[in-house]
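Taking it in order: structure first as structure tokens, then the write-up.
The values are calculated or read from the model by the stated rules, or taken from the named source; none is laboratory data. Small disclaimer: the values here were computed from a predicted structure and weren't measured. Using ideal geometry, Cβ is built from the backbone for each residue, glycine included, and neighbour counts are taken over all protein chains shown.
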Amino acid sequence: MSRIGKKPVQVPAGVTASVDGQKVTAKGPKGELFFVANDEVSVKLEDNAIVVQPINQSKDARSKWGMSRTMIENIFTGVKDGYERKLEINGVGYRATMQGQNLQLALGFSHDVVYQPPQGVTLACPKPTEIVVSGINKQVVGQVAAEIREYRGPEPYKGKGVKYSEERIIRKEGKKK
């Protein structure tokens, strides 16, 4: 049994939620998001909370039960507060600057990398070695942060590259004489 799926998702203050069949829509101060639940689970709006239940006790239905509840909770958090991912850049000459809406990265290549964010995601550079990715959709924010990190991931010897701010790099010892 899913421990997460059993708990109903409370609709936060300032957010309006509606259920239309399998589609859950949330409107809040940051915007509007929706999630379409799988046919293996049933979704109901009961006294200002969304209740997710599996249709039957098959393994497939039970595995999608907790995931559906978490996705609904994520859209509520997104339209109320939004999501943010911070990246750090380490390395001599490595830096980031904003070029209008686009992000320009100098990562030791022969050319600068210009990253254009998708719709609904905003990028900011408070410092030349820090990038802040923010938006209302958790999956898209995480994907953008992963794409930026992929240009030059952190290497284990000196720690140069782009890493998440909370990420710890396990360092390796260099060669010995």
Quiz prompt | Among the residues listed as Gly93, Gly82, the single one being touching a strand residue (DSSP E or B) at 6+ places or on another chain (Cβ under 8 Å), surrounded by fewer than 17 Cβ atoms within 10 Å (Cβ to Cβ), under 30 Å from Arg152 (Cβ atoms) and free of Cβ contacts under 8 Å to residues at least 60 places away in the same chain | solution = Gly93
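Residue-by-condition table, conditions (1) assigned to a strand (DSSP E or B); (2) touching a Ser or Thr at 6+ places or on another chain (Cβ under 6 Å); (3) of a type in the set (S, T, N, Q); (4) not assigned by TED's automatic domain parsing to the domain that holds Val133:
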| position | (1), (2), (3), (4) |
| --- | --- |
| Leu45 | yes, no, no, yes |
| Val51 | yes, no, no, yes |
| Trp65 | no, yes, no, yes |
| Ser68 | no, no, yes, yes |
| Met71 | no, no, no, yes |
Practice problem: For segment 8-20, name all the residues that are closer than 13 Å to Val43 by Cα and either of a type in the set (A, V, I, L, M) or modelled with pLDDT under 90 (or both). | Solution: Val9, Ala17, Val19
Self-check item: Residue count for segment 104-122, restricted to those that are in contact with a helix residue (DSSP H, G or I) (Cβ under 7 Å, 6 or more places away or on another chain), closer than 20 Å to Pro154 by Cβ and not in a loop (DSSP other than H, G, I, E, B)
Solution: 3
Quiz prompt | Hits in segment 17-42 (condition: in contact with a helix residue (DSSP H, G or I) (Cβ under 9 Å, 6 or more places away or on another chain) and not in a loop (DSSP other than H, G, I, E, B)) | solution = Ala17, Val24, Thr25, Ala26, Lys27, Glu32, Leu33, Phe34, Phe35, Val41
Self-check item: Residue in segment 122-177 that is nearest to Ile89 (Cα to Cα), counting only those that are free of Cβ contacts under 8 Å to residues at least 12 places away in the same chain and basic (Lys, Arg)
Solution: Lys127
Practice problem: Kindly indicate the residue of segment 133-160 that is touching a Gly at 6+ places or on another chain (Cβ under 7 Å) and of a type in the set (S, T, N, Q) and also surrounded by the fewest Cβ atoms within 10 Å (Cβ to Cβ) among those meeting that condition. | Solution: Ser134
